[in-house]
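The values are calculated or read from the model by the stated rules, or taken from the named source; none is laboratory data. As the structure is a prediction and not an experimental result, all values here were calculated from the model. We place every Cβ from the backbone using ideal geometry, glycine too, and count neighbours over all the protein chains shown. Accessible surface is based on the protein model in full, side chains and every heavy atom, while ligands, DNA and RNA are left aside. Shrake-Rupley method; radii C 1.70, N 1.55, O 1.52, S 1.80 Å.
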Amino acid sequence: MDLHGTIVTADALNCQKETVPAIVKSKGDYVLALKGNHHLFYEEVKGYFDEETIKMLENKKNCYYKTAEKEHGGIAEREYYITSDTGWFHEKKQWKNLNSFGMVRKKFKGLDGNGYEENRYYICSIGENVNEFAWSVPK
């Protein structure tokens, strides 16, 4: 399989240490959702994106992007954050070509005034390129 120039995206089910080498060997990049199936890893990345880090990334070139669009009877705002600060993660070498962590914060407000906020986290082989990250993650 030739994945040169391709970014493979996958849900948390496919965010596995065994999946990553297959993507990298085929010369592709990855943006993989991180959830409860890697509980400790998820909690560490979630903890990394504290309010101080978020503010810092908002002011750093290529690390922050914001959109607002109509969606399912309301408005969805998405804020995309990406960082190449991965050296703190003690299992980094077990995830081939792990170059960045990403977060998407979605704020939804319905026409009825009700809303919600959610954060999603990703591990990536791409660098600090928020436009590439935003393009890669599912809405």
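For this structure, a couple of remarks:
- Condition check for Phe108: surrounded by fewer than 19 Cβ atoms within 10 Å (Cβ to Cβ), among the hydrophobic types (A, V, I, L, M, F, W, C) and out of contact with any Leu (no Cβ under 6 Å at 6 or more places or on another chain): yes
- Unmet criterion (only one of (1) touching a Gly at 6+ places or on another chain (Cβ under 8 Å); (2) of a type in the set (Ser, Thr, Tyr); (3) over 16 Å from Glu132 (Cβ atoms); (4) open to solvent by less than 20 Å² (accessible area, probe 1.4 Å)) for Tyr81: (3)
- Considering the stretch 23-51, the residues that are out of contact with any helix residue (DSSP H, G or I) (no Cβ under 7 Å at 6 or more places or on another chain), farther than 16 Å from Cys124 by Cβ and part of a helix (DSSP H, G or I) include one that is least open to solvent (accessible area, probe 1.4 Å), namely Gly47.
- Residue in the stretch 58-70 that is farther than 16 Å from Asn129 by Cα, in contact with a Lys or Arg (Cβ under 9 Å, 6 or more places away or on another chain) and without any contact (Cβ under 8 Å) to a residue 40 or more places away in the chain present: yes
- Filter result for the condition that a residue is among the polar types (S, T, N, Q) and free of Cβ contacts under 8 Å to residues at least 24 places away in the same chain, over Asn37, Asn114: Asn114
- For Phe89: the one exception among (1) assigned to a loop (DSSP other than H, G, I, E, B); (2) more than 16 Å from Lys46 (Cβ to Cβ); (3) open to solvent by less than 70 Å² (accessible area, probe 1.4 Å): (2)
- Residues of the stretch 79-95 satisfying the condition of being touching a residue at least 60 places away in the same chain (Cβ under 8 Å) and touching a strand residue (DSSP E or B) at 6+ places or on another chain (Cβ under 9 Å): Trp95
- Any chance Gly102 is within 16 Å of Asn129 (Cα to Cα), open to solvent by less than 30 Å² (accessible area, probe 1.4 Å) and not β-branched (Val, Ile, Thr): yes
- Scanning the stretch 7-19 for residues that are touching a helix residue (DSSP H, G or I) at 6+ places or on another chain (Cβ under 9 Å) and surrounded by 14 or more Cβ atoms within 10 Å (Cβ to Cβ) returns Ile7, Val8, Thr9, Ala10, Ala12, Cys15, Gln16.
- If only residues of the stretch 54-64 that are buried (at least 16 other Cβ atoms within 10 Å of the Cβ) and of a type outside the set (A, V, I, L, M) are counted, the one that is farthest from Ile123 (Cα to Cα) is Tyr64.
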